[in-house]
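One structure is given below, represented as structure tokens, and several questions about it will come after.
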Amino acid sequence: MIQFDFTDEQKMLRDMVRDFTNTEIKPIASKMDEEEQMSKDLIDKIRETGLLGTVFPTEYGGGGFGEVGYCIAQEEISRGCLATATFIGAHQSIGANAIYIGGSEELKRKYLVPLAEGKYIGAFGLTETQAGSDSFNLRTKARKDGNDWIIDGEKIWITNGPFADIVSVFARTERGITGFVVETKSPGFKAGAKEKKMGLKASATSTLMLENVRVPKENMIGDDGRGFLIAMKTLDAGRLGLGACCVGASKELMVLSTKFSKERKQFDQPISQFQAIQFMLAEMATLIYAMESVVYRTAAAYDRGEQISRYSAAVKLFCSEGLDKIADMAVQIHGGMGYSRELPIERFYRDSRINRIFEGTSEVQKLIMGREILKRNGLF
């Protein structure tokens with residue numbers, strides 16, 4: 001694989017998270033999938049490692065590793081369990097990151113620090129029944145009441161929804177879409193039952209209901225009417241993290257497929273000797289090489305403060321599509337065993353599919369890129 005110019009600290013982070021994944025996540029990943037629940041003990045261990053605040057500056061309780069470091073960590077976590085990486089991503093890369101991107105200093109001190117330290121678990125409340133791909137079409141409303149805001153509405157498909165302490169909620173005010181930090185213990189706030197999903201079963205997803213939820217004006221994320229921009233900037237970073245997750249899962253699938261192809265024999269020889277198998281492994285490697293390159297190139301640009309919306313869309317599109325192709329080839333190489341729950345291939349196959357849907361479908365990423373291409377007259 002391509003060798004990036006990581007710092008010594010970033011290399012140490014990678015080694016630490018890789019060891020953590022191998023010892024703490026891989027042994028229980030299938031069990032969590034079957035039980036459709038994250039291990040509370042694992043969550044505590046993740047909190048203790050500092051992986052709930054990897055991306056944020058140390059002044060806000062984070063690890064100070066930036067987006068590149070966060071992608072390194074998510075890549076390694078995803079080699080063990082995509083559901084665990086999804087839990088971390090929803091908490092850190094979008095839930096807490098919305099506060100970091102648009103929140104006041106007071107809001108960061110009050111909420112971002114405990115989120116980065118893992119004392120609170122975060123979530124991101126944007127999606128609604130009529131506002132999925134059309135995320136501007138929010139029906140959740142916020143109205144002023146003295147020095148407070150009153151929020152009414154419903155959010156769907158919220159990762160970490162059943163147990164989050166803090167949710168970055170986006171609602172429509174008279175001035176437009178606005179973000180708010182909402183404490184889930186607030187009267188009128190309720191999380192629905194956990195969704196039954198095809199994949200990412202250990203990652204808890206639910207509807208959130210807000211009925212006359214009172215939020216102090218200090219909890220507004222940014223200015224009134226500027227929330228949509230904050231939400232989109234948050235998703236720019238979130239898509240990079242998802243790309244890194246796709247890289248990690250893809251690498252694990254290729255390792256497992258290569259090992260299996262050397263062990264499995266047909267016609268008196270390992271199937272690795274057949275050109276058809278070698279071609280699939282070669283295609284996997286090519287996709288991973290390109291996926292890895294675009295993820296870290298774009299993450300480095302983000303850390304430099306560059307505008308990366310069109311590039312993060314490309315990362316999300318290419319990596320999510322690439323992982324699906326690799327997962328499908330991994331099942332094919334493993335044959336019947338790839339379809340069995342006895343091996344992790346089947347779990348990776350189910351878990352990979354959602355990446356082409358959440359945080360912006362593949363079609364939405366193409367729309368973002370297409371508009372930028374036209375605006376720039378073909379210069380991307």
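The values are calculated or read from the model by the stated rules, or taken from the named source; none is laboratory data. Everything quoted here is computed from the prediction, not taken from an experiment. Please note: Cβ atoms are built from the backbone with ideal geometry, for glycine as well, and neighbour counts cover all protein chains shown.
Can you tell me how many residues within region 52-70 are within 20 Å of V294 (Cα to Cα) and part of a helix (DSSP H, G or I)?
Selection size over region 52-70: 5.
Could you check, for region 305-325, whether at least one of its residues is without any contact (Cβ under 8 Å) to a residue 24 or more places away in the chain, part of a helix (DSSP H, G or I) and under 22 Å from I77 (Cβ atoms)?
First, pick out the residues of region 305-325 that are without any contact (Cβ under 8 Å) to a residue 24 or more places away in the chain: 305-307, 311.
From the residues that got through so far, the ones that are part of a helix (DSSP H, G or I) too are 311.
Add one more test, that the residue is under 22 Å from I77 (Cβ atoms), and what stays is none.
No, every residue in region 305-325 fails to be without any contact (Cβ under 8 Å) to a residue 24 or more places away in the chain, part of a helix (DSSP H, G or I) and under 22 Å from I77 (Cβ atoms).
Identify, from the list V255, V213, V169, the residue that is assigned by TED's automatic domain parsing to the domain that holds R350 and out of contact with any helix residue (DSSP H, G or I) (no Cβ under 9 Å at 6 or more places or on another chain). I'd like the intermediate steps shown before the answer.
Working: V213 fails: assigned by TED's automatic domain parsing to the domain that holds R350; V169 fails: assigned by TED's automatic domain parsing to the domain that holds R350.
Sole residue among the options that is assigned by TED's automatic domain parsing to the domain that holds R350 and out of contact with any helix residue (DSSP H, G or I) (no Cβ under 9 Å at 6 or more places or on another chain): V255.
As an exercise: evaluate G103 against (1) under 24 Å from S203 (Cβ atoms); (2) buried (at least 19 other Cβ atoms within 10 Å of the Cβ); (3) in contact (Cβ under 8 Å) with a residue 60 or more places away in the chain and give the number of the one condition it does not meet.
(1)
Examine region 287-305 for a residue that is in contact with an Asp or Glu (Cβ under 7 Å, 6 or more places away or on another chain), modelled with pLDDT of 95 or more, surrounded by fewer than 24 Cβ atoms within 10 Å (Cβ to Cβ) and closer than 30 Å to F228 by Cβ, and state whether such a residue exists.
Yes, because at least one residue in region 287-305 is in contact with an Asp or Glu (Cβ under 7 Å, 6 or more places away or on another chain), modelled with pLDDT of 95 or more, surrounded by fewer than 24 Cβ atoms within 10 Å (Cβ to Cβ) and closer than 30 Å to F228 by Cβ.
Among all residue pairs at least 6 apart or on different chains, which show Cβ distances below 6 Å where the first residue, located in region 265-287, is over 16 Å from H334 (Cβ atoms) and the second is surrounded by 13 or more Cβ atoms within 10 Å (Cβ to Cβ) and among the small types (G, A, S)?
L287/G322
Looking at G192, G222, which is the one that is farther than 29 Å from E35 by Cβ, touching a residue at least 12 places away in the same chain (Cβ under 8 Å) and not assigned by TED's automatic domain parsing to the domain that holds L287?
One residue alone meets the criteria, G222.
Would you confirm whether any residue within region 31-51 is part of a loop (DSSP other than H, G, I, E, B) and more than 30 Å from R109 (Cα to Cα)? Walk me through how you get there before you give the answer.
Initially, region 31-51 is screened for residues part of a loop (DSSP other than H, G, I, E, B), giving 36-39, 50-51.
With more than 30 Å from R109 (Cα to Cα) added as a condition, the list becomes 36-37.
Yes, region 31-51 contains at least one residue that is part of a loop (DSSP other than H, G, I, E, B) and more than 30 Å from R109 (Cα to Cα).
Scan region 162-208 for residues that are outside any loop (DSSP other than H, G, I, E, B), over 17 Å from A90 (Cβ atoms) and among the hydrophobic types (A, V, I, L, M, F, W, C) and jot them down.
A171, I177, F180, F189
If you go through region 263-272, how many residues are over 13 Å from I345 (Cβ atoms) and surrounded by 13 or more Cβ atoms within 10 Å (Cβ to Cβ)?
Final tally of qualifying residues: 3.
Can you tell me which residue in region 116-157 is surrounded by the most Cβ atoms within 10 Å (Cβ to Cβ), limited to those that are closer than 19 Å to T205 by Cβ and among the β-branched types (V, I, T)?
Selected residue: I121.
Of these, I43, I25, I72, which one is within 24 Å of Y100 (Cα to Cα) and surrounded by 24 or more Cβ atoms within 10 Å (Cβ to Cβ)?
That would be I72, the only listed residue that is within 24 Å of Y100 (Cα to Cα) and surrounded by 24 or more Cβ atoms within 10 Å (Cβ to Cβ).
Considering only region 71-144, give the helices (runs of 4 or more DSSP H) lying wholly within it that have at least 1 residues that are more than 30 Å from K196 (Cβ to Cβ).
Correct list: 97-102, 113-116.
Let me spell it out: the conditions are (1) hydrophobic (A, V, I, L, M, F, W, C); (2) surrounded by fewer than 17 Cβ atoms within 10 Å (Cβ to Cβ); (3) under 30 Å from E34 (Cβ atoms), and L367 meets all of them except one. Which number is the exception?
(3)
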